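What follows is a set of notes on a single structure, which appears directly below.
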Amino acid sequence: MKKFTRIALAFSVGMLALSACQSQNTDTIIRTEVPERPAGQQDMLGFAAPALETVRIGFIGLGMRGPGAVDRMSQIEGTDIVALCDAETENVQKCQDILKKNGRHEAVAYSGDEQVWKQLCERDDIDLVYIATDWQTHVMMATYAMEHGKHVAIEVPAAMNMEQIWDLVNTSERTRKHCMQLENCVYDFFELTTLNMAQQGLFGEVLHGEGAYIHNLEEFWDEYWHDWRLLYNRDHRGDVYPTHGLGPVCQAMDIHRGDKMNVLVSMDTKAVNGKEYYETHRGEAAPDFQNGDHTMTMIRTEKGKTIMIQHDVVNPRPYNRLYQLTGTKGFANKYPIEGYMVDKSKVGDLYTGEEGSKSGKVDIENLSAHSFVPEDVKAALMEKYKHPIQKELENTAKKVGGHGGMDYIMDYRLIYCLRNGLPLDMDVYDLAEWCCLTELTAISIENGSAPVEIPDFTRGGWNKIQGYRHAFAPEK
C-alpha cells in the first residue's frame, strides 16, 4: 500500500506546482508518512561495524552485473568469495571460471531454483551478501540477509517504493548491519574530483545541481532476464532509475549531512518509443504502457537549494548523466562536455604569468564569464583537486575496469571500510533518499504534477552530521 495521504488541491495544477516550488506552501503538498522508529531501534548515522580482517562474500545474481562484481572483488585484497548463486546454473559456472582465472578457490554453488538464494543467506561463514538481481527481488533478499547477520550491498535501484525503502531502513537499524546501495557513479573520476573541489570551496556555496540517466537501451533490452526491466517500465510511471544522476549531486549538497530534500515536482512526456519497442519486441499490444519516454523532476531542499533529475532510456540521444553543480563562485559540468567555470580569486595560486603550463602552473588572465576555463586551466585544477581516493586507486581501477574503473573503486571502498571498521561511503539513508524518487515521482505525475513531500528517512537526524566526508583509517 502506498504510504502517502492525498491532500485536496484548491488550485489549478500549474498554479499549485508554482506555489509549492516558490513558497513550499504546506497546504498544497501531498504528504508522505514517516513511521515512528520502533522502540529500542537506533539510527545508523555514522555507524561503523566491527572491523573484519577478511570480508567473506556471497553473490546473488550472476547475469548482467554479477560477473563483473565477482571479477573485481576477487582482485581486491582481504576478500574471500565463499558462495555464488543464480537461478541459471551456467551463470554460476561462468563465475567459477572467473575465480579460477584470478587464482581464487572454487566457491560453493547455488542454482537451479529461484528460492535457493535463501540457503546462501543462511550460511554462517559469510559477512557480506552482494545482490545483483532484478529490481523487484532486491528488498526481500537484502532484508533476509540482514536478518541472518549479513551486511548487504544492493545494485541500483535498491528499492522501488516507499514500503520497500522503510523495510530496508528498519531492518538495517534493528540488525545493526550495513545496507549499502551499489551506486558506482559517485566514484567516477570527474565526480570525485568535482566533489573535492566543492568541499574545498572552489564553487562557493553550491546552490543547484543537475543529474540524469539518459541512455538509449535499445541494444540492451534483450539482456535482461525474462524482460524484467522492460516489463517494469510497462507497468510503472515516473523516474524508475534515478540514482546515477541524483547520488553525486546529493553528496556535493550534503544531503542528510546538514541539508535534506523537502519536496519534488515531476512530469513526463507520453509513452511513444517505449511503447512501440515493447509491442515490437513482445509481439503484443500495450495500450496502457506506463512510463513516459522522458521524465523530469525538480527538488527543493530545506536550505533553499534545488536539484533537477531526468530519465530517458528510449530516445536516440547520446549517453548523458548531466552532472552539473552551480555555485556562487563557480560551475561544473560533465556532459556533454567536461568543463569548469571558476572565479579568478579561487585559482590565483595556479597563476605564474610567465612560465605557463610547463611548470604545472597556468596563465589564468583569459578566464571568461561566458565560457569554460581553458583546457590547461582545467587540467591544472583537476590535478590540484584530484580526490585522495582517485590518487590512490586510479591506476589499478583503470586496469581492473568496470565502467572505466569506477566500479572497482566502489567495491574497493566497500571492502576497505568493512576491513577497517569505518562508516561506509553510502549509508542506508543515502539509499532511501536516492531511491524514493521511484515512487514519489509517480505520485506527483499521477496527481497532475503536484508537489510531493520527500520524507526525512533519518527521522530527525539529518543535521546530526555536518558535511559529507569519506572515512579513512589512521596511518599505521
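Structure summary
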{"quantity": "Most positive-pole-ward Cα, Tyr468, Gly404, Ala332, against dipole of the chain from beta carbon charges", "calculated": "Tyr468"}
{"quantity": "Net charge of neighbours whose Cβ lies under 12 Å from the Cβ of Cys185, counting Lys and Arg as +1 and Asp and Glu as -1", "calculated": "-2"}
{"quantity": "Cα centroid separation, the stretch 48-89 to the stretch 397-467 (Å)", "calculated": "20 Å"}
{"quantity": "Distance between modelled label sites at Phe472 and Asp343, nm, 7 Å Cα→Cβ extension", "calculated": "2.7 nm"}
{"quantity": "Distance histogram in 10 Å bins (all Cα pairs of the stretch 142-253, percent per bin)", "calculated": "12, 32, 33, 20, 3"}
{"quantity": "Between the stretch 195-273 and the stretch 289-326, the Cα center-to-center distance that results, in Å", "calculated": "6 Å"}
{"quantity": "Heavy-atom surface of the stretch 171-328, accessible at 1.4 Å and reported per residue (Å²)", "calculated": "35 Å²"}
{"quantity": "Ranked by how many other beta carbons lie within 10 Å on average, peptides 296-303, 73-80, 248-255, 450-457 from highest", "calculated": "248-255, 450-457, 296-303, 73-80"}
{"quantity": "Positive minus negative residues near Met140 (Lys, Arg vs Asp, Glu; Cβ under 13 Å)", "calculated": "-4"}
{"quantity": "Cα-centre dipole for the chain with unit charges at Cβ (Lys and Arg positive, Asp and Glu negative), debye to 20", "calculated": "1040 debye"}
{"quantity": "Listed peptides 199-211, 131-143, 283-295 by packing density, highest first (mean Cβ within 10 Å)", "calculated": "131-143, 199-211, 283-295"}
{"quantity": "Amide N of the stretch 41-78 lying under 18 Å from the label point, which is placed 7 angstrom from the Cα of Glu90 along Cα→Cβ", "calculated": "61-68"}
{"quantity": "DSSP beta bridge pairing in the chain, given as percent antiparallel to the nearest 5", "calculated": "50 percent"}
{"quantity": "Descending Cα extents along the principal axes, the chain, whole Å", "calculated": "66, 62, 52"}
{"quantity": "Local net charge near Tyr468, Cβ-Cβ under 12 Å (Lys/Arg +1, Asp/Glu -1)", "calculated": "-3"}
{"quantity": "The stretch 291-305 - phi-based ³J(HN,Hα) in whole Hz, Karplus 6.51/-1.76/1.60, Gly and Pro as x", "calculated": "6, x, 4, 9, 10, 10, 9, 10, 10, 10, 9, 4, 9, x, 9"}
{"quantity": "Potential lengthening between Arg174 and Glu392 on full extension [0.36 nm per residue; Cα-Cα distance subtracted]", "calculated": "75.0 nm"}
{"quantity": "Calculated FRET value between Ala48 and Lys464, using beta carbons and R₀ = 22 Å, to 0.05", "calculated": "0.90"}
{"quantity": "Percent RCO, i.e. relative contact order, over the stretch 254-347, from Cα pairs under 8 Å lying at least 6 residues apart", "calculated": "21 percent"}
{"quantity": "All Cα pairs of the stretch 134-189, percent lying beyond 16 Å", "calculated": "36 percent"}
{"quantity": "Kirkwood hydrodynamic radius of the stretch 58-109, Cα pairs, Å", "calculated": "10.5 Å"}
{"quantity": "Contact order normalised by residue count of the chain, Cα under 8 Å, 6+ apart, percent", "calculated": "22 percent"}
{"quantity": "Under 25 Å from the Cα of Lys378 - lysines, other chains or at least 8 residues apart", "calculated": "Lys329, Lys334, Lys344, Lys346, Lys358, Lys361, Lys386, Lys391, Lys398, Lys399"}
{"quantity": "Rounded to whole Hz, the Karplus (6.51, -1.76, 1.60) HN-Hα couplings of the stretch 423-429, x for glycine and proline", "calculated": "x, 6, 4, 10, 9, 5, 6"}
{"quantity": "Label zone at Thr328 (point 7 Å along Cα-to-Cβ), backbone N below 12 Å, the stretch 196-223", "calculated": "203-207"}
{"quantity": "Order by protection proxy (mean Cβ within 10 Å, highest first), peptides 144-151, 339-346", "calculated": "144-151, 339-346"}
{"quantity": "FRET E, pair Gln119, Asp376, Förster distance 51 Å, beta-carbon r, rounded to 0.05", "calculated": "0.30"}
{"quantity": "Listed residues Lys100, Lys334 arranged by accessible area, highest first, probe 1.4 Å", "calculated": "Lys100, Lys334"}
{"quantity": "Carbon + sulfur, % of accessible area of the chain - ligands and nucleic acids excluded, 1.4 Å", "calculated": "48 percent"}
{"quantity": "Built amide H within the under 5 Å cut-off of Arg56, gap 5+", "calculated": "Asp80, Asp127, Leu128"}
{"quantity": "Computed over the stretch 75-205, the ratio Rg/Rh where both radii use C-alpha atoms and Rh is Kirkwood", "calculated": "1.05"}
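The values are calculated or read from the model by the stated rules, or taken from the named source; none is laboratory data. All figures in this text were calculated on a predicted structure; none of them were measured in a lab. We place every Cβ from the backbone using ideal geometry, glycine too, and count neighbours over all the protein chains shown. Note: accessible area is taken over every heavy atom of the protein model, side chains too, but ligands, DNA and RNA are not part of it. Shrake-Rupley method; radii C 1.70, N 1.55, O 1.52, S 1.80 Å.
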